[in-house]
Amino acid sequence: MLTERENMEICWNHEQPEWVPMINTAAQMIITPEVNDRPLFMSGKDHFGLEWELDPQHPELMTHVKPGAEMFDDITEWEDYIKFPDFKDKDWEAARQRTRAMWSKKDQLQGYYVGNMGAFERICAMMGHSNGLMAPYDDEDAYQAYVDAYADYRINLFGLLKEYLDIDFVMMHDDWGNQDNMFMSPEQWRQFYKEPERRMAKAAHDLGMHYMHHSCGYITPIVGDLVEIGVDSWHSVQPMNDLKTIKETYGDRLVFAGAVDAQVTDAPGATEEIIRAEVRRAIDTLGKGGGLMASSSVMFSVVPKVDGIIDDEGKKYGNYATLKFA
């Protein structure tokens, strides 16, 4: 009988696995306080000196930038404020031992690291969202230099993650889309982000890791670009995108991850049957022939018990021996 690790690897290889891998039960996210992009579930400063805080009314949510804590507003000054940490001076042996305990079922589960702030999200955090959106218009050369430096920083980190933690894939976050459109034009994305993203994907591959990119929202116009530059998997995959066409066009080259729409499962009043029906919709839409690793589109639901229902329905419904596709 296949392990979850083996079944997931079949999916990575664009073959039909025995069942739809559920990311939360087929893989172990490796928590690394040494390299977390921001404080998790606590207030405090990140490695860049930016201050984050919890919402006291909703402590289950991720931290947000403390209002008024933005550090600068002129992209030409980014090098004065953004000092990318090297991380080589961290206690990686301690991280290795912690990972070994956390990932005790390495022979059964895949392991992955989440970089939950990409270049776009980081600049919006440091400058404020409006200034971050305007930064590439204010000075193209300075903005490109920043994005290139961000990619270098991540690539350096990948090497340490592989050497000491021996993970199977990296999941990099940068939310380029909103409900109806992208935060930047596809042309602007290609100008500033495409080649740095290509370099990060290649670096992961050179180290023997798969490369997954998480982006919420509408990014249909650039999905073909992600495939072209070697991104193995797109996580989130919400239905405001043309998923049927994307699956038909790129399903043999791109692994779809997430896909269970949090706007359905986490909505007020969502019943267990609504949640289970949403899992079935995701599998019916994207699971044919393999190529789907399912979870909440936002990775982990903040609503109690939702992830358990998603994983349970995926396990029950996602058996390829009984699945029937229209």
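The values are calculated or read from the model by the stated rules, or taken from the named source; none is laboratory data. Since the structure is predicted, the reported quantities are computational estimates derived from the model, not experimental observations. Ideal geometry is used to build each Cβ from the backbone, glycine not excepted, and the neighbour counts take in all protein chains shown. Ligands, DNA and RNA are excluded from the accessible area calculation, which covers all protein heavy atoms including side chains. Shrake-Rupley method; radii C 1.70, N 1.55, O 1.52, S 1.80 Å.
Only Lys, Arg, Asp and Glu carry charge here, each on its Cβ (+1 for the first two, -1 for the last two); on that basis segment 121-180 has a dipole of about 200 debye about its Cα centre.
Checked against a 28 Å cut-off, the cross-linked pairs Lys45/Lys202; Lys247/Lys315; Lys247/Lys316; Lys45/Lys90 give Cα-Cα distances beyond that limit for Lys45/Lys202.
Rolling a 1.4 angstrom probe over segment 95-226 with all protein chains present gives an accessible area of which 48% lies on carbon and sulfur atoms. Between Glu93 and Arg281, the modelled labels are 5.2 nm apart [label points 7 Å from Cα along Cα→Cβ]. Length gained on full extension, Val302 to Asp166, computed as 0.36 nm times the residue gap minus the Cα-Cα distance: 46.1 nm.
Assuming charge only on the beta carbon of Lys and Arg (+1) and of Asp and Glu (-1), the dipole of the chain about its Cα centre is about 1260 debye to the nearest 20.
A probe of 1.4 angstrom, applied to the heavy atoms of all protein chains, finds Arg253 with accessible area near 120 square angstrom.
Estimated at 0.36 nm per residue, the fully extended path between Met42 and Asp180 surpasses their Cα-Cα distance by 46.5 nm. Here the dipole of segment 1-69 is about 260 debye; that uses its Cα centre as origin and unit charges on the Cβ of Lys and Arg (positive) and Asp and Glu (negative).
Between Glu60 and Gln263, the FRET efficiency estimated from the beta carbon spacing at R0 = 25 angstrom works out to 0.90. For the listed peptides 18-31, 102-115, a ranking on the average number of other beta carbons within 10 Å per residue, highest first, reads 18-31, 102-115.
Computed on the Cα atoms alone, the convex hull of segment 203-320 gives a volume of 108 cubic angstrom per residue. Ligands, DNA and RNA excluded, the heavy atoms of Asp180 present near 120 Å² of accessible surface to a 1.4 Å solvent probe. Ranking Val35, Thr76, Trp52 by how far each Cα lies toward the positive end of the dipole of segment 1-122 (charges on Cβ) leaves Val35 at the top.
In this simple spin-label approximation, Glu77 and Ile274 carry label points 7 Å from Cα along the Cα→Cβ vector, and these lie 4.7 nm apart. Think of the chain as a dipole: +1 on every Lys or Arg Cβ, -1 on every Asp or Glu Cβ, centred on the Cα centre; then among Tyr112, Ser130, Thr25, Thr25 lies furthest on the positive end. Using C-alpha pairs below 8 Å separated by at least 6 residues, the relative contact order for segment 260-326 is 39 percent.
Each stretch of four or more DSSP H residues adds -39500 (n - 2.57); spread over every residue of the chain, this sum gives -12000 deg cm²/dmol at 222 nm. Once the Cβ-Cβ distance of Gln108 and Arg190 is raised to the sixth power relative to R0 = 51 Å, the FRET efficiency obtained is 0.80. Listed by chain and number, the lysines whose alpha-carbon sits under 19 Å from that of Lys106, ignoring those within fewer than 8 places in the same chain, are Lys162.
DSSP bridge analysis restricted to the chain gives an antiparallel fraction near 20%, rounded to the nearest 5.
Taking the DSSP beta bridges with both ends in segment 45-191, the antiparallel portion is around 50 percent. Computed on the chain, with alpha-carbon pairs under 8 angstrom and 6+ residues apart, the relative contact order is 19 percent. In percent, rounded to a whole number, the relative contact order of segment 27-96 is 26, using alpha-carbon pairs under 8 Å and six or more apart.
Inter-part distance, segment 161-222 to segment 280-326, computed on C-alpha centroids, equals 23 Å.
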